[in-house]
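Working notes, beginning with the structure itself.
The values are calculated or read from the model by the stated rules, or taken from the named source; none is laboratory data. What you are looking at is a predicted structure, and each value in this text was computed from that prediction instead of being measured. Neighbour counts are summed over all protein chains in view; Cβ atoms, including those assigned to glycine, are modelled from backbone coordinates with ideal geometry. Side chains included, ligands, DNA and RNA excluded: accessible areas come from the protein's heavy atoms. Shrake-Rupley method; radii C 1.70, N 1.55, O 1.52, S 1.80 Å.
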Amino acid sequence: MYFNKNKIKAIKNNLYCQKADYTLLILVSLLISLSVIFSYSLSIYTVQFYGYDQFHFFIRQAMVAIVAILIMWTFSLFDPDKLVGKVGMTLFFLFFFLMAIMPALPSSMVTASGGANRWIRLPGFSLAPVEFFKIGFIYFLSWSFHRKVMDQPKKIGLKKESLLLAPYFLTFLAVVFIVAFMQKDLGQVVLLGIILIILLIFANRSFKIFLVLGAGALIGLVGLILAAPHRIQRIYSWWAMVQDGILSFLPSWAGQYLRIDELPEPYQVSHSLNAMHNGSFLGQGISNGDIKVGFLSEVHTDFVLAGITEEIGLLGLICIVGIVFSIIWRIFRISIRVSNPIYHLFSLGIALMIIIAFLINSYGISGMIPIKGIAVPLLSYGGSSMLSMSIAIGLVLSISRVVPSESKKIKDKEV
C-alpha cells in the first residue's frame, strides 16, 4: 500500500513534467507566418493609396508575429494551475472595463470605425479590447459553469433552470449593449452568443432551455438588425445578390413578395468571388493577384481568404483550410482528454471561437451570408486579433501539459 501511494504521487507530480503539444504550436506558427507573407503581398494598393512604405504592413505584422509566437512558447512552459485562471480573469474584467469606458474617452485616445469607437490608441499601435475580452469571456463561462451549473441535475424545471442561468444572460446582455450598440459590432455578439449556447450544452443543461435560448436569440438578432439602418441595408444588399438562386426553388408567386428590385449587389462580395474565380486551381502566383489592385479595399484584412485564393489557388486554400482544421482538431483533442472541467470547457470554447470566426468570414466573402466584418483567426492583418489568439493558444498549450499521455494512462490502470 505504501508503494502504491508513492507511485500514485509520482505519477501526479510527473503530469506537469510532460511537454506541451508542440505540434499545435508549429501549426499555429505556420499560419502566422503565412499571414506575414500575405500582409506584404496583398497590401500593395493600400500602401500606394495612403503613401506608406511598401514594407509598412509587412514589418508591423512580422513584429506582432514574433511576439505572438514568443507568447505561445512562453505560456507552454507554465503550469496551467498558476497561469490560466489568472490570465483568463484578468482579460475578462480588464477588457470589459475598457470596452465600457471607451465611449467616454477623448477622441485623441480612440479610433472610430463606422461611427463607433472600437480601438484604443496606444504609443505605436491601436488595441481592440473586444478581441481580448472574448478570451476572458470564454474562461469566465468555463470557470463559472463548473462552479454553479455542471453539477446541477437536468430535470430541475424550466423556471429554476432559467433562474440558475439568469446571471449569465444578464452578463451577455451587458456585452450585447456594449459591443452591438456602442461599438456597432454585431458579428462579435453573434460569435459570443453561439459559444455561450454550445458551452451550455456541454455544461449538462436541458433541451427546454435551449429552445427558450434559441427563440430569445432569434428575436434579439432581428431586433438588433432592425435597430440599425446600415444592417438592414446590408441584408437587402445580400438578398439582392442571392435572391435569384433561392427564388428558383420557391413557387412563382413567392417572387412577388420576396424579390427586391433596383438594389445593387454588394461590390465587395462580387470582387471577392471574382478573385476566387481568377485563382482557379493553382493560382496566379504570390504577389500576382489583380483584385487587390483597387478592386477590393484592404484585402489583407477581412477579405484575406479571397486574396490568398487568387494568388495560390484552390489547392493553396485547401492546404490552409487543412492547417486550420488540424489546429481545431488538436485543441478538441486536448479538451476531450483533460480531466479538469474548467480546462475542458475553456479549450472547447477556444476551438469554437476559431472555427465559428473562420466559417462566418468564409461564408461572408463567398456570399452565403451577409458580411459580418470578423477577421480570419491568425491570418488576417491586425495586431489585436493576432496577439489575442496567441494568448488563447498559449493557454491551451499550457493546459496540454497536464493531458495524460497514453503511457501515463496505462500506468494509472496498473496502479
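Amide H contacts of Val299: none lie under 5 Å away among residues 5 or more positions distant or on a separate chain (H built 1.01 Å from N in the peptide plane; Pro and chain starts excluded). For the stretch 151-193, the residues whose backbone nitrogen is under 15 Å from a point 7 Å from the Cα of Leu359, taken along Cα to Cβ, are 190-193.
Dividing the Cα radius of gyration of the stretch 218-368 by its Kirkwood radius returns 1.07 for Rg/Rh.
Computed over neighbours whose Cβ is under 15 Å from that of Ala351, the net charge equals +3, Lys and Arg +1, Asp and Glu -1. With a 1.4 Å probe rolled over the protein heavy atoms of all chains, the accessible area of Met109, Met276, Met102 falls in the order Met109, Met276, Met102, largest first. For the chain, the longest principal axis of the Cα atoms and the long axis of helix 229-247 meet at an angle of about 80 degrees. Could you please report the charge total around Asp185, scoring K, R as +1 and D, E as -1 over all other residues with beta-carbon less than 10 angstrom from its beta-carbon? It works out to a net charge of +3. For the stretch 58-73, 3J(HN,Hα) computed residue by residue from phi via the Karplus equation (6.51, -1.76, 1.60; θ = phi - 60°) reads 4, 5, 4, 5, 5, 5, 5, 4, 4, 4, 4, 5, 5, 4, 4, 5 Hz, glycine and proline entered as x. Using Cα atoms only, what is the angle between the long axis of helix 22-41 and the major principal axis of the chain, expressed in degrees (0 to 90) to the nearest 10? Between the helix axis and the principal axis of the chain, the angle is about 20 degrees.
Separation of the stretch 101-176 from the stretch 26-96 is 22 Å, based on Cα centroids. Full extension of the chain segment joining Asp290 with Phe332 gains 11.3 nm, where the gain is 0.36 nm per residue of separation less the Cα-Cα distance. Residues His344, His146, His230, His300 ordered from highest to lowest accessible area at a 1.4 Å probe: His230, His146, His344, His300.
Rounded to whole numbers, the Karplus 3J(HN,Hα) couplings from phi for the stretch 171-188 are 4, 5, 4, 5, 5, 4, 4, 5, 7, 7, 8, 6, 9, 6, 10, 5, x, 5 Hz, using 6.51 cos²θ - 1.76 cosθ + 1.60 with θ = phi - 60°, and x at Gly and Pro. Per-atom-type breakdown for the stretch 290-415 gives carbon and sulfur 66% of the accessible area (1.4 Å probe, protein chains only). Extending 7 Å from the Cα toward the beta-carbon at both His56 and Lys19 defines two label points whose distance is 4.2 nm. Taking amide H as placed 1.01 Å from N in the peptide plane, the amide H of Gln284 sits under 5 Å from that of Glu311, Ile312, Gly313, each at least 5 places away or on another chain.
Per the Kirkwood formula applied to alpha carbons, the stretch 97-197 shows a radius of gyration over Rh ratio, Rg over Rh, of 1.08. Which FRET efficiency, nearest 0.05, do Phe169 and Ile232 yield, Cβ-Cβ r, R0 25 Å? Once rounded, the FRET efficiency stands at 0.45.
A simple spin-label model places pseudo-atoms 7 Å from Cα toward Cβ; at Phe97 and Phe125 they are separated by 2.2 nm.
Within the full protein context, the accessible area of Ser270 is estimated at about 30 Å² for a probe radius of 1.4 Å.
Close amide H pairs (under 5 Å, H built 1.01 Å from N) link Trp119 with Thr111, residues at least 5 positions away or on another chain. Between the helical axis of 267-279 and the longest alpha-carbon principal axis of the chain there is an angle of about 80 degrees.
Both radii come from the Cα set of the chain: Rg as radius of gyration, Rh as Kirkwood radius; their ratio Rg/Rh reads 1.00. By the compact-protein rule of thumb, 2.2 N^0.38 Å, the alpha-carbon radius of gyration of the stretch 176-229 corresponds to a ratio of 1.22. Annotation: extensible slack from Leu218 through Val67 equals 50.4 nm (criterion: 0.36 nm per residue apart, minus Cα-Cα distance).
Above 18 angstrom, tally the Cα pairs of the stretch 75-141 and express them as a % of all pairs, no decimals.
45
For trypsin sites (Lys or Arg not before Pro), the sites in the stretch 97-163 that DSSP calls loop and that have at most 11 other Cβ atoms within 10 Å are Lys154, Lys155. The order of Met63, Met389 by accessible area, most exposed first and with a 1.4 Å probe, is Met63, Met389. Projecting label points 7 angstrom from Cα along Cα→Cβ for Ser270 and Ile225 puts them 2.3 nm apart.
Look at the dipole of the chain built from charges on Cβ: of Ile336, Asn278, Trp238, the Cα furthest out on the positive end belongs to Ile336. A 1.4 Å probe, protein heavy atoms only, puts the accessible area of Asp185 near 20 Å².
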